[in-house]
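Single-structure report; data block below.
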Amino acid sequence: MKKLHAPHLLRSECYIDGSWQQSDSGSTIAVTNPSTQSLIGHVPSMEKAEANRAIEAAYRALPSWRDTPAQDRATILRRWFNLIIGHQDDLASIMTAEQGKPLAESKTEITYAASFIEWFAEQAKRTYGDTIPSKSKGSRLITIKQPVGVCAAITPWNFPAAMITRKAGAALAAGCTMVVKPASQTPLSALALAVLAEEAGVPDGVLSVITGDSSEIGKAFTSSQLVRKLTFTGSTKTGAALMRDCANTIKKVSLELGGNAPFIVFDDADLEAAAEGVIQSKFRNTGQTCVCANRIFIHDTIYEKFTHLLAAKIAELKVGDGFEPDITQGPLINIEAVEKVESLLADATSKGATIAVGGRRHAKGGTFFEPTLLTEATSDMQLAQDEIFGPVAPLFRFQNEAEVIAMANDTEYGLAAYFYSRDIGRIWRTAEALECGMVGINTGIISTETAPFGGIKQSGIGREGSHEGIEEYLESKYLNLSGL
Ligand code: ADP
């Protein structure tokens, strides 16, 4: 890793109740660089007892944080935002070292991650209730918004910083306290954020970050009577298990799960722009985002032309260690991810698909994979149903609007969708007909802290970011004020 300007950001303890702690057992998890397999450091392997201590600390910290005026909570969050921006280069280095993404992408993620803290610091001051016209004289009906309480967050490795801040920013702004368990592949980014939260003046226990055994900590979170909400970003399978476990204590849940995004290029589209959109949507983070284009539908009459355009752009992508200049594609997170991509490609080619570009492990070795273009993909192939989570762009063919909308919706997922068209009637029809939470129209990039991020169907419950994001951490309390 590059030498850090602020070496104290790199921690090997967890942050619980305002203090830095090792695990009770003394056992640790090794954190390695997926580009080089070299060791970066160790973090504690915590279990149930430590998780419960963090939860109890969050419960003790709740009354005072809840009662802190929103303006003052906002000031602390604003300081956290400034510190994250001030340490952007270091935070990006830590992220590239543990996650593998190109340094430029890590820097962009840090800006994006910080934007949620800034946004929710502002929203903290605007958690308005309603006044409701009463049916009877002498009474007034009012709603007030109150924090949900202690929240627990479980976050994934693909966006090691942003998936934390869009939960923690909203929770803390609303007056909730939170315990975060980051993915074991990328815990160092999470702990660095905790260092800066401490410096910003987030009070003890309001935000704890614990690393360790997923199922042990997950069980502590889901079974605790003190935790009132669980927020999770990760796979649909794990999300379903967590939701089941939350049922016993009727917790609120926010789930941001897998996707199978369709990306439709109609015959009236600007093909150059659409090809660029595929590159942005499909190949960002080496294809490891839940909103990556997973199935790319091209109208029959432009299929060959579009294939050539896209192939040329894919050939320009540069694979390698994220710290090297000009790299656009880092490694996949681990060997299982490589094997999954290989098995999806083997299935597709056995059913008639053709590899137009790439298709193999990269000559650099490790978990590097060639950016791949697959043509003549069809709906009977495994990759039409499974999230690829790798740098493979499969092109499907379609004949008309009704057919492609049916194809696009033929999935259990409903997170993001994209399409390119210049026809205003088609744009409205398609945007309304797609079964998903977010639609990119003539763009391959949709994420921003100002808009609601989330899915329908088996892609999840709830929204993050935007004015909707803070609502997920608030309860509405209705007051009937009578006898006036
Ligand atoms: P991925 O396959 O992308 O790693 P997962 O859904 O398995 O996605 O993991 C996302 C996050 O959920 C990670 O932080 C992981 O440690 C955590 N996790 C995985 N399994 C469990 C579980 N059974 N209980 C609680 N957390 C879990």
Cα Rg, Dmax, the stretch 1-115, angstrom units: 16.7, 48
When a/c reaches 1.5 or more, the comparison of a/b and b/c decides; with that in mind, is the stretch 64-207 rounded, prolate or oblate per its Cα gyration tensor? prolate
Between the stretch 306-366 and the stretch 64-102, how far is it from one alpha carbon centroid to the other, in angstrom? 33
I need the semi-axes of the equivalent ellipsoid of the stretch 172-292: take the C-alpha gyration tensor, multiply each eigenvalue by 5, square-root it, list largest first in whole angstrom. 34, 20, 13
Using every Cα-Cα pair within the stretch 106-176, state what percent have a distance larger than 15 Å. 63
Could you go through the stretch 271-276 in sequence order and give the Karplus-derived ³J(HN,Hα) for each residue, using 6.51 cos²θ - 1.76 cosθ + 1.60 with θ = phi - 60°, rounded to whole Hz, and x for Gly and Pro? 5, 4, 5, 5, 5, 5
Stokes-Einstein at 4 °C, 1.567 mPa s, Kirkwood radius from Cα pairs: D for the stretch 345-484 in µm² s⁻¹? 71
How many Å² of accessible area per residue for the stretch 369-466, probe 1.4 Å? 37
Grab the alpha carbons of the stretch 430-484, take their convex hull, and tell me the volume per residue in Å³. 148
Quick check: at a probe of 1.4 Å, how many percent of the accessible area of the stretch 133-202 sits on carbon and sulfur atoms? 54
Would you pull out the residues with amide H under 5 Å of L479's amide H, same chain only if 5 or more places away, H placed 1.01 Å from N? I142, T143, I144
Report the charge-dipole magnitude of the chain in Debye, nearest 20, computed about the Cα centre from +1 at each Lys and Arg Cβ and -1 at each Asp and Glu Cβ. 1400
For E403, what charge total do you get from the other residues with a beta carbon under 14 Å from its beta carbon, if Lys and Arg give +1 and Asp and Glu give -1? 0
Taking a cut-off of 21 Å between Cα atoms, list the lysines near K107, but don't count ones fewer than 8 places away on the same chain. K2, K3, K167, K282, K318
If you take every DSSP beta bridge whose two residues both sit in the chain, what share of them, in percent to the nearest 5, is antiparallel? 40
Taking the Cα centroid of the stretch 195-245 and of the stretch 390-460, what is the distance between the two, rounded to the nearest whole Å? 31
Could you state the principal axis extents of the C-alpha atoms in the stretch 243-331, from the largest down, to the nearest angstrom? 55, 38, 14
Shape call for the stretch 288-327, from the Cα gyration tensor axes a ≥ b ≥ c (a/c under 1.5 means rounded, otherwise prolate when a/b beats b/c, else oblate), comes out oblate
With +1 assigned to the C-beta of every Lys and Arg and -1 to the C-beta of every Asp and Glu, and no other charges, what is the dipole magnitude of the stretch 69-148 about the Cα centre in debye, to the nearest 20? 820
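Please compute the per residue accessible area over the stretch 102-183 with all protein chains in place, 1.4 Å probe, rounded to a whole number of Å². Before the final figure, lay out the partial values.
On the way: 2650 Å² over 82 residues.
So the stretch 102-183 comes to 32 Å² accessible per residue, rounded to a whole number.
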Students often check this: by mean Cβ neighbours within 10 Å, which of 294-303, 279-288 ranks highest, and how do the rest follow? 279-288, 294-303
Please report, largest first and rounded to whole Å, the three semi-axes of the ellipsoid equivalent to the stretch 264-387, where each semi-axis is the square root of five times an eigenvalue of the C-alpha gyration tensor. 23, 18, 12
What residues have an amide H closer than 5 Å to that of V357, excluding those fewer than 5 places away on the same chain, when H is modeled at 1.01 Å from N in the peptide plane? L373
Two-decimal Rg to Rh for the stretch 41-103 - Kirkwood Rh, Cα set: 1.11
What share of Cα pairs, in percent, lie more than 38 angstrom apart in the chain? 27
Karplus-derived HN-Hα couplings along the stretch 355-363 (A = 6.51, B = -1.76, C = 1.60, θ = phi - 60°), whole Hz, x at Gly and Pro: 7, 8, 9, x, x, 9, 4, 6, 4
Taking Lys and Arg as +1 and Asp and Glu as -1, residues besides S184 with C-beta under 14 Å from its C-beta add up to -4
Under Karplus coefficients 6.51, -1.76 and 1.60, residue-wise ³J(HN,Hα) of the stretch 27-39 in Hz, glycine/proline x: 7, 10, 10, 7, 10, 10, 8, x, 7, 10, 6, 7, 6
Considering only protein heavy atoms and a probe of 1.4 Å, how much of the accessible area of the stretch 333-436 is carbon and sulfur, as a whole percent? 50
Counting only protein heavy atoms with a 1.4 Å probe and every protein chain in place, the carbon and sulfur fraction of the accessible surface of the stretch 229-283 in whole percent equals 56
Would you mind checking the radius of gyration and Dmax of the stretch 1-58 based on alpha-carbon positions, in Å? 13.5, 39
5 angstrom amide H check on I29, placed H, neighbours 5+ away: V43, S45
May I ask for the net charge around E50, where only other residues with Cβ less than 12 Å from the Cβ of E50 are counted and Lys, Arg are +1 while Asp, Glu are -1? -4
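Order the peptides 139-152, 255-268, 342-355 from the highest to the lowest mean number of other Cβ atoms within 10 Å of their residues.
Going by the mean number of other Cβ atoms within 10 Å, highest first, we get 255-268, 139-152, 342-355.
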Order 70-77, 330-337 from most to least packed using the mean count of other Cβ atoms within 10 Å. 330-337, 70-77
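The values are calculated or read from the model by the stated rules, or taken from the named source; none is laboratory data. Keep in mind that this is a model prediction, so the values were computed, not measured. Note that each Cβ is placed from the backbone with ideal geometry, even for glycine, and that neighbours are counted across all protein chains shown. Quick note on the areas: whole protein, heavy atoms, side chains included, nothing else; ligands and nucleic acids left out. Shrake-Rupley method; radii C 1.70, N 1.55, O 1.52, S 1.80 Å.
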